[in-house]
């Protein structure tokens, strides 16, 4: 069965996604504006307390927007965030770090895997900027990463079907491959056809609500129950 992971940014969205049939959640902050950053421990505490045990909460650990090449201090912050997420009850963490030449930063990822203390580790869409897929997958298998999130190197995963299928074939069950990146419910059957283990989407809507001076004028995004339901139905569970 292909699993459904929903990226959520608030307690209400997490509860709705779980109630409507999400198998796993990626908890993050500032998804629309940055691609996702590390959420607060307070939010993680609240989400873990509110959800049934069978819905795993996987925490995105990313200290800033921009490239995935990190300084030693930035890696240290991520290690601390991973440990804090584990203490707060996260089922897993979502991480990614690259070298300046675009390969997997083995040293940084190893530290993050060790900090996860046996919880599942997902390597995020940093994989989509790696020039050579197969060596990166081999590195991640060797480092103990459980799954990768990838669009197949395309802006939208529906346009990366060939590379998604190649990732599935090369992983050969040693890594789970999860398709994500601009996913719409209508894309899901084609993504499932590549053999991926899971599909990931934000299923979000924009709320146009100004915060006034100092509060931001562009509003915010939150989980759209209709999109979650449509994704569930696209997987044949509706």
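Values quoted throughout were computed directly from the atomic coordinates according to the rules given, and no laboratory measurement underlies them. Fair warning: this is a prediction, and the values are worked out from it, not measured in the lab. Glycine gets a Cβ as well: all are built from the backbone with ideal geometry, and neighbour counts include every protein chain shown.
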Review point. Which Rg and Dmax, in Å, describe the Cα atoms of the chain?
Key: 16.8, 53
Exercise for review: Relative to the compact-globule scaling 2.2 N^0.38 Å, provide the ratio for the alpha-carbon radius of gyration of segment 13-104.
Suggested key: 1.13
Study note, to complete from the structure: Simple spin-label estimate for residue 174/residue 46, 7 Å along Cα→Cβ, in nm, reads 4.2 nm
Revision key, fill the gap. Expected unfolding gain across residue 132-residue 218 under the 0.36 nm per residue rule, minus the alpha-carbon gap, is 27.2 nm
Practice item. Would you order 41, 158, 188, 6 from fewest to most other beta-carbon atoms within 10 Å of each residue's own beta-carbon? Key: 41, 158, 188, 6
Revision key, fill the gap. Simple SL model, points at 7 angstrom along Cα→Cβ for residue 205 and residue 84; separation in nm is 3.2 nm
Revision key, fill the gap. Once both label points are put 7 Å beyond Cα along the C-beta direction, the residue 33-residue 141 separation in nm becomes 4.1 nm
Revision key, fill the gap. The alpha-carbon center of segment 1-69 and that of segment 128-183 are separated, in whole Å, by 20 Å
Review point. So for 54, 206, fewest C-beta neighbours within 10 Å to most, what's the order?
Key: 54, 206
Point to revise | Burial order of peptide ranges 68-76, 138-146 (average beta-carbon count within 10 Å, highest first) | key: 138-146, 68-76
Practice item. Could you work out the Kirkwood radius for segment 97-238, taking every pair of different alpha carbons, averaging 1/r and inverting it, reported in Å? Key: 16.5 Å
Practice item. Determine the calculated [θ] at 222 nm for the chain from helices alone, applying -39500 (n - 2.57) to every DSSP H run no shorter than 4 residues and normalising by the residue count; nearest 500 deg cm²/dmol. Key: -11000 deg cm²/dmol
Point to revise | DSSP bridge orientation in the chain - percent antiparallel, rounded to nearest 5 | key: 20 percent
